[in-house]
1. Would you mind pulling out the separation of the Cα centroids of the stretch D:248-318 and the stretch D:153-199, in Å?
2. If you bin every alpha carbon distance in the protein assembly as shown into 10 Å steps from zero, what whole percent lands in each bin?
3. Dipole magnitude of the protein assembly as shown about its Cα centre, charges +1 at Lys/Arg Cβ and -1 at Asp/Glu Cβ only, in debye to the nearest 20?
4. Can you compute the charge dipole magnitude of the stretch D:133-282 about its Cα centre, using +1 on each Lys and Arg Cβ and -1 on each Asp and Glu Cβ, nothing else charged? Give it in debye, rounded to the nearest 20.
5. Among DSSP beta bridges whose residues both lie in the protein assembly as shown, state the antiparallel percentage, nearest 5.
6. Under the definition of partner shielding as Cβ atoms of other protein chains within 10 Å of a residue Cβ, what is the mean value for peptide C:252-261?
7. For a quick check, take a GNM of chain A with Cα springs below 10 Å and name the residue from A:196, A:110, A:160 with the largest mean-square fluctuation.
8. Neighbouring Cβ atoms within 10 Å as the yardstick, rank B:101, D:21 fewest first.
4 protein chains.
Amino acid sequence: MLLRLQRNVPQSALDSIFLLCKELGYRARHPGGRADLLELFGPGSPGDRSRFEDLSGVAQVLDPGEARELHELAARGAPSQVRVGDAAFGAGAVSLVAGPCAIEDEERLVEIARGVRAAGATLLRGGAFKPRTSPYSFRGSGQRGLESLARVKAETGLAVVTEVLDPRDVEAVGAVADMFQIGARSMSNFALLSEVGRTRTPVLLKRGFGARVRELLLAAEYVLAEGNDALVLCERGVRGFDSVTRNLLDVGAVAYLKRVSHLPVIVDPSHAAGRADLVRPLARAGIAAGADGLMIEVHPAPAEVHSDGQQAVSLEAFAEIARDVRRLVEIDGRRLVQPELQPDVSA
Amino acid sequence: MLLRLQRNVPQSALDSIFLLCKELGYRARHPGGRADLLELFGPGSPGDRSRFEDLSGVAQVLDPGEARELHELAARGAPSQVRVGDAAFGAGAVSLVAGPCAIEDEERLVEIARGVRAAGATLLRGGAFKPRTSPYSFRGSGQRGLESLARVKAETGLAVVTEVLDPRDVEAVGAVADMFQIGARSMSNFALLSEVGRTRTPVLLKRGFGARVRELLLAAEYVLAEGNDALVLCERGVRGFDSVTRNLLDVGAVAYLKRVSHLPVIVDPSHAAGRADLVRPLARAGIAAGADGLMIEVHPAPAEVHSDGQQAVSLEAFAEIARDVRRLVEIDGRRLVQPELQPDVSA
Amino acid sequence: MLLRLQRNVPQSALDSIFLLCKELGYRARHPGGRADLLELFGPGSPGDRSRFEDLSGVAQVLDPGEARELHELAARGAPSQVRVGDAAFGAGAVSLVAGPCAIEDEERLVEIARGVRAAGATLLRGGAFKPRTSPYSFRGSGQRGLESLARVKAETGLAVVTEVLDPRDVEAVGAVADMFQIGARSMSNFALLSEVGRTRTPVLLKRGFGARVRELLLAAEYVLAEGNDALVLCERGVRGFDSVTRNLLDVGAVAYLKRVSHLPVIVDPSHAAGRADLVRPLARAGIAAGADGLMIEVHPAPAEVHSDGQQAVSLEAFAEIARDVRRLVEIDGRRLVQPELQPDVSA
Amino acid sequence: MLLRLQRNVPQSALDSIFLLCKELGYRARHPGGRADLLELFGPGSPGDRSRFEDLSGVAQVLDPGEARELHELAARGAPSQVRVGDAAFGAGAVSLVAGPCAIEDEERLVEIARGVRAAGATLLRGGAFKPRTSPYSFRGSGQRGLESLARVKAETGLAVVTEVLDPRDVEAVGAVADMFQIGARSMSNFALLSEVGRTRTPVLLKRGFGARVRELLLAAEYVLAEGNDALVLCERGVRGFDSVTRNLLDVGAVAYLKRVSHLPVIVDPSHAAGRADLVRPLARAGIAAGADGLMIEVHPAPAEVHSDGQQAVSLEAFAEIARDVRRLVEIDGRRLVQPELQPDVSA
């Protein structure tokens, strides 16, 4: 017998559970070091189950082997779909996220937003808060960037995904963002994961460049365990020993994740490639491996950008990628979600 | 001015070259440590060029910057195509290589050969000599395996690619093989590379699991430098820090190789995945990234195999992959080469 | 000419700087994307320097090439030494940090603290807040753990280093900790780095298991840039492709860091090895490579521990390591700092 | 019951073994795919053992669990020691191998040999055949280099270790070499391993830069299985994702190998560091981790060298390293083997 405990069970409730174990002749242990589960070994008479179910602190009584982690495909039975504005990820729906790496000026952002929307993007990316390896690098425009994003949303009707770096910023960023991005460097920032898990805003969780797939899934579990299941994973390349690409896009991880988890998975070919001329083949590879979407860095004048400029593709290149995706997803009966044909607010 | 020297120039010829340099006022050095090139610095009067061209030991007089390595796309101007039996790789042609990992019994091999041919393979793989990490593992059937391969070729009309491990076996293996395979563990076996380079049999060169792309290209250069340009590269995954797949399929390397080299590149999703259920998505990803073919381990009864059994796919699964490839290559105007509809010899 | 700007210069001050540039005929740019520096190109008449020095927002006027990052050895001229309680790291001083991974019960902690102190440790490690990959694992005892640490400090006279995970906990943890630990998973948590940088409590910064050395140095720079220079780096192994040890202890990084930076560097052989029987040789290797100390997981009954039990060494094994270190540091004229012989408060 | 079979057992002998199995009621299988072992399951009556021992093709009848690989410490009970000229590796003996990367001119080589001998080296390294990643790089001086080595040996009394790359060169190289070096790129060249295994000349086997420790041990097994047990392993760094050192010296692998195998292990800090200024700390770390020796690239004028010049240390730096090693090995009761004080032949 396996008890799933409620979160933050008080000691008194645990004591009652152990008392009942003793009384009925069970030994108890936390399986695999999991504090949320209690496995019972003992005589197993039929009426015992309901006696444990009645106890305070016990969420559910399971059969052994039934205790699944929340990200597992088997825990849900079918792939989940996450919707953000016009975009939808998973369960047959494929969407494109596009935009600049950092927000520079608002006019430019509106231009990019309209451009990528026309080409097929349904979600705009734009970093107001940027994690920078050096404290001396350009670190994004913060609050001012958020305000720009808000106006660009209003003007273009595109939903936006933007990064949050500090648990103390979750509220402010959440006031504008349609989707939180947890960047690769923050994948193991458990305080931040729990904080976005407590909101009901969709979350895009990027794999750390040194993280195992299992660690990504457990980071996901931090968000899911708080009750937020609008979660999309993102593979963006891991650190390898070669430098022809900046990172090694792990298409095997994408394929594996689609086998074991119900969560949608997208691919970021821009950060994986680190060079504009390889973004398109990596984008195609990601979709062909089963990804539910792409996140692509686009800039109308790639050479001008403050950060990560070499990997940004032009609007024309983005449109070609969108065409590729449209044809690729047809092969296995999926569809690329199109931007709604709503009249442009500013038109 | 840049002199490309002939191979194995005798010291007396070198002495004459240096003498002429001195006479005409040039300093000479091997650029980038390349013994095949001699860069000359000096006055550069117009008639000098032809004086060097006349010297014994000088293959060609180039302008600086003209000295390209043989694998470079720019050295040839267009992608090359390598033909082996019915198969063709590169320059728009995509082919499927399939077969068992090791040759067990001949009857079984004929069955697999017919099966993969019917599903779309144009080249049969079959290891007579197998590199094994442990001296105590099953090491392939050697000469007996070669004889089996020869009979299977005769019976099915399929060309075969098979591994050669030892420079002393090149002749014996070459008597049967339509294409030599240089395995990942042999990628830096320069004696072996030179030996197959001296034949005119096509070569399939697999990337070592710890090798940089530049090292793969230089290994290729060993074959090309001996005059054998029927060379196909193969990406089969590199060593990573995760274990959800056995190796990390480096689709970025595939995309990069197609940008810089004229050589055809194929992908081996079987060894990359290390598990049958991920072979299909990795196969698709490889083709979508630009690969000119696939090499897939197929076994009619995957569970029975002596080595690498977990990654072998069934004939049915292989047929599905072939269907995927047919549709994927259409997207960018390439074609999957079909087995000739010649009457089966044994029919 | 190179201007080092003050932090958070208002736009109006920047405008004045640019105005003066224009007036005197200089062009200005941020070198290497560094927002804290402004490089000026132009006529360079002698009086200009003082005119810029007088401007609000300009911290310092430097000659080009003078702008060093704060971690650089050349920026300081000599190795720095960081003192925490009896412990001292760097500039010839070597210290041992020891203790359990997580705090279980207070009595046990006092026992360990006395044991490691007797064997030569001058700093006690003990995790009140533990980062755990899974949300369901035992996550440390939080506030209760901090209180235990405080009592153990009082009772044993040992200073303590303990991890802080969330910028919002810096104040509470700082009330007890003599040194903050920033764990490997938090190395790129820039909000947290800045927060501990604003305190004057010493900081132990562990290298992320997927982080380059340059990234570790830039993470250090986040702390230093806030004015806290009591900073010690810690190498604890990086992710490799083998599993005979949990991580690959990068002794080359230790040697390199000692060449380029003035910051003290210690080694954590326990997390690198991941198994108790290899802790001693890795501890020796770290010291021999130049490390200024060790951080070792010790437990009087290693088999009982909640987390990371397999790598904890016994008190006896720790005492052997301390003996090794004492002899190793003599070879190059360094010294192992001994715990003060002060009367034990509780005696 | 477990049968260890002789090598290359003919089919007829195998048939007799299987017949006896059938007669006595045993089922047989190759455990873990090992063709050299046959595990028998069945009734197990006491007299059966001798009946199998009498069969042709059976080398030994073991109890299950007794079948050890030849490299295992448990297979031999104590560390082995390998002697080459004055040098001895293992079982408390530590020796230094030193010399240039490639042989340039003989006079220079004599100078280096005398210098390193005076400083404490007992074995001279010198590559006559050099593996080069590019076919166009300087590839060593081949036969001429071997002749130089022979004369330098005669003149200085130092034994030499030199690389062999091609199984067809084993005889020629063995005529001069006191020890064969199998380079990192050849670690999985099984034909070459078997060939040197068939000689009785000591072998130095370097770990491939992408090879797991288990793979190194199995490569060792190829040599041992042919009957040559004068085998020394060499850790020279593995490929990592950082570039502050050329490779990542895996001191954990050294410590692990000393725990599980009786084979001596040395460290090559020169190839690991890839830069002269880090050779000394890496040399110290290797010895402190338990290595039985070092292999160091030394050149009297490091800047002049044809290949790998940046990592060669001067004679003075080598002498400092030798002094460090002498003191380090004292700590655990080992000794640095000194060159014999024999009168120099040429004196």
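1. 20 Å
2. 1, 8, 14, 18, 21, 19, 12, 5, 1, 0, 0
3. Charge dipole of the protein assembly as shown: 0 debye, to the nearest 20.
4. It comes to approximately 340 debye.
5. If I count the DSSP bridges inside the protein assembly as shown, around 35 percent turn out antiparallel.
6. Across C:252-261, the average partner-chain Cβ count within 10 Å equals 6.
7. Maximum fluctuation in the GNM of chain A, among the listed residues, is at A:110.
8. Ranked by crowding around the Cβ, least crowded first: D:21, B:101.
No value in this document is a laboratory result; all are computed from the given coordinates. The model shown is predicted, which means the values in this text are computed figures rather than measured ones. A quick note on method: Cβ atoms are made from the backbone with ideal geometry, for glycine too, and the neighbour counts reach across all protein chains shown.
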